[in-house]
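Shown next, in structure tokens, is the structure this report addresses.
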Amino acid sequence: MSVQLLANVVIGLALVGFLAYRQATWQYLDPARIWRTPLVMAVIGVVVLAQTKATITTTDIVFLGIEALISVGIGLTMGRITSFRTAGTPDDKGRTLQSRTGALGAVLWFVLIAVRVGLDALGGQMGAHLLTSTGAILLMLAINRAARALVLDQRIPERTSGMMVR
């Protein structure tokens, strides 16, 4: 296992662990910010991919496409299973709306990473080496977060009346 691959795995697991924790716990939701994370990750991912010296093959494109479809599906599911509630007291920014996907959302993060690792291993054997790059990882996470944001945008309650909304 190369040092870059090991670093990517550690970074990926740390990020997924952090995001899984955030999915499982109630977090204040700022509707204006739900697109920020996917946008930042996508920009960084594209910049890192643009700096990649590796030759992009058809196999790379096919595997990235498969992974993108899976990321979108899991992101849409995460958006759909998100629950909302109004907190009794606002946070320091005045927000009262909270959201979480619960344990299922955390499990979906681990499914996403397991699928990613499996596709990386299979793709590596078939000559797709772009999958293991940090840029590809960030881009796939950005796609997942964007799919979630797309659903959340449609589901955010009108400043709920204190009831939990599913």
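More than 16 Å from Leu29 (Cα to Cα) and touching a residue at least 12 places away in the same chain (Cβ under 8 Å), is that true of Leu119?
Answer is yes for this residue.
When the range 129-166 is examined, which residues are found to be among the small types (Gly, Ala, Ser) and modelled with pLDDT under 85?
Those that are among the small types (Gly, Ala, Ser) and modelled with pLDDT under 85: Ser133, Ser161, Gly162.
Report, ordered by the first and then the second residue, all pairs with beta carbons closer than 6 Å, sequence separation of six or more or different chains, a first member in the range 132-158 that is farther than 25 Å from Gln98 by Cα, and a second member that is crowded, with 21+ Cβ neighbours inside 10 Å and modelled with pLDDT of 95 or more.
From residues that are farther than 25 Å from Gln98 by Cα, the pairs are Met140/Ser71.
With open to solvent by 30 Å² or more (accessible area, probe 1.4 Å), at pLDDT 90 or above, out of contact with any strand residue (DSSP E or B) (no Cβ under 6 Å at 6 or more places or on another chain) and hydrophobic (A, V, I, L, M, F, W, C) as the only criterion, which of Leu108, Leu104 stands out?
Exactly one of Leu108, Leu104 is open to solvent by 30 Å² or more (accessible area, probe 1.4 Å), at pLDDT 90 or above, out of contact with any strand residue (DSSP E or B) (no Cβ under 6 Å at 6 or more places or on another chain) and hydrophobic (A, V, I, L, M, F, W, C), namely Leu104.
On the basis of being open to solvent by 40 Å² or more (accessible area, probe 1.4 Å) and either of a type in the set (Lys, Arg) or under 15 Å from Ala114 (Cα atoms) (or both), does Leu76 make the cut?
It is false that Leu76 is open to solvent by 40 Å² or more (accessible area, probe 1.4 Å) and either of a type in the set (Lys, Arg) or under 15 Å from Ala114 (Cα atoms) (or both).
May I ask you to verify whether Val46 is touching a helix residue (DSSP H, G or I) at 6+ places or on another chain (Cβ under 7 Å), open to solvent by 30 Å² or more (accessible area, probe 1.4 Å) and closer than 26 Å to Gly135 by Cβ?
Answer is yes for this residue.
The values are calculated or read from the model by the stated rules, or taken from the named source; none is laboratory data. Nothing here was measured: the structure is a model prediction, and the numbers come from that model. We place every Cβ from the backbone using ideal geometry, glycine too, and count neighbours over all the protein chains shown. Protein only, heavy atoms only, side chains kept; ligands, DNA and RNA dropped before computing areas. Shrake-Rupley method; radii C 1.70, N 1.55, O 1.52, S 1.80 Å.
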